[in-house]
Amino acid sequence: MADAGLVDAAVVELLANDAALTALCPNGVYWDLQPSSSPSPGAFVIVSLFKCDRTPGLSVTLYEDLLYWVVARVHETSKVAARQAAARINELLDGAILDLTAAGYTAMACARIDRRADSDRDKTDKSVWHYHGGLYELRSYPS
Amino acid sequence: MARRDGSKGQVKMDPTGGATTVVVGALNSWSLDLERDKHDVTCFGDANKQYVLGFMDIQGEIAGVWDEAVTPEFMRAAMGDVPVMLELIPSTLAPTYLFKGLAYLSASIECPADDVVTISGSFVGAGDWTMEPAAP
């Protein structure tokens, strides 16, 4: 049975295994929430599911469009590292045909369709967090 | 074998009509219509209408965005009298699967004040068209 959750995990794994992105965001890549065990403040990437559209065929799923927000969250005065992390994320995902074999899916396309580049103040100490990344549409189908 | 997304589509062209096709840049869609002539041969006593097939009428459309680095070649081909060799590739991830043949190209350009400059073209067959790879 197709499990789109395995596709989510594959996206996180792809980003987590990239040395260049790890250098920019050394505190890791996480699904939806930074775990409490992770050092804070720091620099990390959050992947979250924004939307899922399934296109059914006769008795099968023809393809699914999964929209992910992939955002580098960097706690620094400068936004440069966050911007560079977003650029690296884009290199890894935009236009890529991801290997989803282990997830039981075949990727068809992946493209950035929106961007995020904003900053916020920490609720406790008023220091600055930068959020840079994009909304990525991953099209795939169960193999 | 795999299902494909159109983002990896491609159009190649030899404006001289030869076999040396090169990628046409700044395009974002193509379509190919393989409509067949159908002649009605229904007779008294038939249970339903019946047809025999005639020729295939090759027609299609190409569209893209104006880029003076690449688009003038496409426009010149459309303004000339020589049929071009077209190769229409559904996905560069499987580039050996394609449709090809000679075509007469027409083109148009649209330049709205509030949007990008776009080009579009239509073509009709000017020679035999084939699909590759051929059936085994």
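What the table below lists for this structure:
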item: Equivalent ellipsoid dimensions for the stretch B:6-132 as semi-axes, Å, which come from the Cα gyration tensor, largest first; result: 32, 17, 15
item: Degrees between helix A:80-93 axis and first principal axis of chain A (Cα, 0 to 90, nearest 10); result: 10 degrees
item: Segment residue B:117-residue B:29, extension gain: residue separation times 0.36 nm, minus the distance between their alpha carbons; result: 30.2 nm
item: Rounded to the nearest 20 debye, dipole of the stretch B:1-41 from Cβ charges on Lys, Arg, Asp, Glu; result: 280 debye
item: Compactness relative to 2.2 N^0.38 Å, alpha carbon Rg of the stretch A:4-142; result: 1.09
item: Cβ-placed point charges (K, R +1; D, E -1), dipole of the protein assembly as shown about Cα centre in debye, nearest 20; result: 740 debye
item: Cα-projected label distance for residue A:67 with residue A:50, points at 7 Å along beta-carbon direction, nm; result: 0.6 nm
item: Burial order of peptide ranges A:23-29, A:70-76, B:16-22, A:98-104 (average beta-carbon count within 10 Å, highest first); result: A:70-76, A:23-29, A:98-104, B:16-22
item: Two-site label geometry, residue A:114 and residue B:14: point separation in nm, points 7 Å out along Cα→Cβ; result: 4.7 nm
item: Most positive-pole-ward Cα, B:22, B:123, A:96, against dipole of the protein assembly as shown from beta carbon charges; result: A:96
item: Sorted by Cβ density within 10 Å, fewest first, the residues A:79, A:51, A:126; result: A:126, A:51, A:79
item: Along each principal axis, Cα extent of the stretch B:26-97, largest first, Å; result: 63, 33, 20
item: Within the protein assembly as shown, helix-based [θ] at 222 nm, where runs of 4 or more DSSP H residues each add -39,500 (n - 2.57), nearest 500; result: -4500 deg cm²/dmol
item: Separation of alpha-carbon centers, the stretch A:34-72 and the stretch B:28-78, rounded to whole Å; result: 41 Å
item: Reachable lysines, given that their alpha-carbon falls under 27 Å from the alpha-carbon of residue B:8 and they are not under 8 places away in the same chain; result: A:51, B:100
item: Environment charge of residue A:98, counting only residues whose C-beta is closer than 11 Å and scoring Lys/Arg +1, Asp/Glu -1; result: -1
item: Pairwise FRET efficiency - residue B:131 versus residue A:13, Cβ, R0 = 51 Å, nearest 0.05; result: 0.85
item: Candidates per trypsin sites (Lys or Arg not before Pro) in the stretch B:39-124, loop by DSSP, up to 15 other Cβ within 10 Å; result: B:49
item: Residue A:3/residue B:81 FRET efficiency (R0 51 Å; Cβ-Cβ; nearest 0.05); result: 0.35
item: Scattering profile of the protein assembly as shown at q = 0.09, 0.12, 0.13 Å⁻¹ [log10 I(q)/I(0), Debye over alpha-carbon scatterers]; result: -0.63, -0.92, -1.00
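Any read-out appearing in this document is the output of simple, stated calculations on the displayed coordinates, not a laboratory observation. Keep in mind that this is a model prediction, so the values were computed, not measured. All Cβ positions, glycine included, derive from the backbone under ideal geometry; neighbour counts span all protein chains shown.
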